[in-house]
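The values are calculated or read from the model by the stated rules, or taken from the named source; none is laboratory data. Note that the coordinates shown come from a computational prediction; the quantities given were computed from them, not determined experimentally. Note that we place each Cβ from the backbone using ideal geometry, even for glycine, and neighbour counts take in every protein chain shown. Just so you know, the surface numbers come from the protein's heavy atoms only, side chains and all, with ligands and any DNA or RNA stripped out. Shrake-Rupley method; radii C 1.70, N 1.55, O 1.52, S 1.80 Å.
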Amino acid sequence: MKKSFRDFLSELEQAGELARVKKPVDLRDVSALLSQSSRALLCENVKEYPEWQLAGALVTSRKRLALALGCPENDVALRFEQGLERLIEPVMVEDGPCQEVVLQGKDVDLTAIPYPLMHVYDGGPYLSATLVVSKDPQFGRNLGSYRLMYRTPTETGIDLVSPSDMRRYYQRQLDQGKPLEIAVAMGVHPYEMLAASYKAPINMDEYAVAGGLHGEPVPLVKCKTVDLEVPADAELVLEGEILPMGWTADEGPFGEFSQISGDVKWNPIFRVKCITHRRNPIFYLLQMPWENDWLAAPVTEAAGLRALRNASVEPVAIRAPVGSCGYWTLIASIRKRPGEGKNALLALLSVAEVKLVIVTDDDINIHDPDDVDWALTFRVQADRDLIVVHDARGKHIDPSIKSWEMGKGGLPTTAKLGIDATIPEGVPKKLYKRIEYYGQNRVKLEDYL
Ligand SMILES: Cc1cc2nc3c(=O)[nH]c(=O)nc-3n(C[C@H](O)[C@H](O)[C@H](O)COP(=O)(O)O)c2cc1C
Ligand SMILES: [Mn+2]
């Protein structure tokens, strides 16, 4: 059986990485509780929402990310890449627990779902652990993760500013004055969250990526009111359409995955026609920035590995540091042939909106920031080893690109920097021979303690 969201919670608990909160919790206090917890939390008793439990802080450390992916901590990127290499198509099933309860018409009420205001200054409560399904007549089915801001009991905003497949799907409907149908599944396994946030080519169905990560097909059920399919084992699903109104409604502010309290944006509105969920569902509250950043890292890293291999450069390790939100920086070590430090920079700078890339040789442990600093210190000559790219695609929420100066719907650009911290061509490797201690292999400290 494919692993579900609940299976992941059990795995966390078995690894001692999940705490159960049994005392009744006021929804308004959940955000602070999650932010203080070193473990994942499952709130079993949410005041005024007797049907629901609430889970959060599930993937807020490398350890729990590795647990989600079932691999050692430093192998996360390689494990994700493996999943991408064995795409497995989903299967349709007749029914699933995500439709045990079906609410339509007057029963559609977003206030019945326990989702609190998360960050001070947010424009409203947000649904952020979303797997959003859509379809395009030409490009087929698509998954993405998109946040939804509460507006009314049947409407939310949707953040659809950055260039993405779904933004393009929506634009194509909008050009014909039509809405875009979407289904939003929440409480799905991290593999499905990762697949949704992976930037697959536009004509690729990301359910096959989720299948590849699971190693088996994802069972899907047909939605009740839209022509879309959602994971049968999801906790909660919203069905409806993004209205053909363009980027005209204010959405935000939101505590962004950049750690910054973001600005108001202009976005369309999502109208909910139907809500389905499990009996006694678990609501997944995904807070910014750490949970988003840890989920973003393997996606950025795997895209980097692919870019390197396409450029016929051999990667050894890669890391998207969580300090750069798992998104803006890539540090990679390679097995270099002459000139490939620069080839690697060019390949990695092409990944999404990555704006800083550091490339080292394979003797550098890129998971150790001190080792990276050492390479930067002794292998870089700034007049030779930097590449600066002007006016590449940027991302709004980076304040340094001044996107606030642009009008509604505008898309910003950014400069990109690559640093080749591999041993320069012509400098003998032996000049980097590290210190060895006399007797190092013979003498054992434990024999003396
Ligand atoms: C938790 C989470 C929340 C996200 N929220 C948004 C969002 O609100 N807006 C957005 O444009 N991208 C968001 N992303 C990134 C997109 O999901 C990502 O770019 C994805 O590849 C888009 O898929 P698509 O291009 O196939 O539509 C989020 C990612 C994660 C992991
Ligand atoms: Mn896509």
Looking at (1) open to solvent by 20 Å² or more (accessible area, probe 1.4 Å); (2) of a type outside the set (A, V, I, L, M); (3) over 30 Å from THR60 (Cα atoms), which is the one condition that is false for SER145? (3)
Restricting attention to the range 161-197, and to residues there that are more than 10 Å from ligand 1 (Cβ to nearest atom) and polar (S, T, N, Q), which single residue is nearest to the chain's Cα centre (by Cα)? GLN171
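Going through GLU192, GLU181 one at a time, which residue ends up being open to solvent by 10 Å² or more (accessible area, probe 1.4 Å) and either within 16 Å of ligand 2 (Cβ to nearest atom) or under 30 Å from THR248 (Cα atoms) (or both)? Give the derivation first.
Numbers: GLU192 fails: open to solvent by 10 Å² or more (accessible area, probe 1.4 Å).
Matching residue, one of GLU192, GLU181: GLU181.
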Among the residues listed as ASN292, ASN365, ASN280, the single one being outside any helix (DSSP H, G or I), open to solvent by 30 Å² or more (accessible area, probe 1.4 Å) and either within 30 Å of THR152 (Cα to Cα) or touching a strand residue (DSSP E or B) at 6+ places or on another chain (Cβ under 7 Å) (or both): ASN280
Which of the residues belonging to the range 242-258 are away from ligand 1 (no atom under 14 Å from the Cβ) and in a loop (DSSP other than H, G, I, E, B)? LEU243, PRO244, MET245, GLY246, THR248
Residue list for the range 295-324, restricted to those being assigned to a loop (DSSP other than H, G, I, E, B) and open to solvent by 10 Å² or more (accessible area, probe 1.4 Å): ALA311, SER312, PRO321
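For residues that are charged (D, E, K, R) and within 16 Å of PRO125 (Cα to Cα), scanning just the range 238-270, find the one that is modelled with the lowest pLDDT. I'd like the intermediate steps shown before the answer.
Initially, the range 238-270 is screened for residues charged (D, E, K, R), giving 239, 241, 250-251, 256, 263, 265.
With within 16 Å of PRO125 (Cα to Cα) added as a condition, the list becomes 250-251, 256, 263, 265.
On the way: ASP250: 96, GLU251: 96, GLU256: 94, ASP263: 85, LYS265: 90.
My answer is ASP263.
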Quick one: ALA200 ticks every box in (1) within 14 Å of ligand 1 (Cβ to nearest atom); (2) touching a residue at least 60 places away in the same chain (Cβ under 8 Å) except a single one, so which number is it? (2)
Can you name the condition, by its number, that ARG384 falls short on among (1) within 28 Å of ALA200 (Cα to Cα); (2) open to solvent by 40 Å² or more (accessible area, probe 1.4 Å); (3) without any contact (Cβ under 8 Å) to a residue 60 or more places away in the chain? (1)
Entirely in the range 1-119, the strands (runs of 3 or more DSSP E) that have 2 or more residues that are without any contact (Cβ under 8 Å) to a residue 40 or more places away in the chain: 18-21, 40-43
Restricting to the range 191-231, count the residues that are within 11 Å of LEU131 (Cβ to Cβ) and either in contact with a His (Cβ under 7 Å, 6 or more places away or on another chain) or assigned to a helix (DSSP H, G or I) (or both). 9
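The rows are residues; the columns are (1) of a type in the set (Lys, Arg); (2) modelled with pLDDT under 95; (3) part of a loop (DSSP other than H, G, I, E, B).
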| position | (1), (2), (3) |
| --- | --- |
| GLN381 | no, no, yes |
| LYS395 | yes, yes, yes |
| LYS416 | yes, no, no |
| PRO424 | no, no, yes |
| LYS430 | yes, no, no |
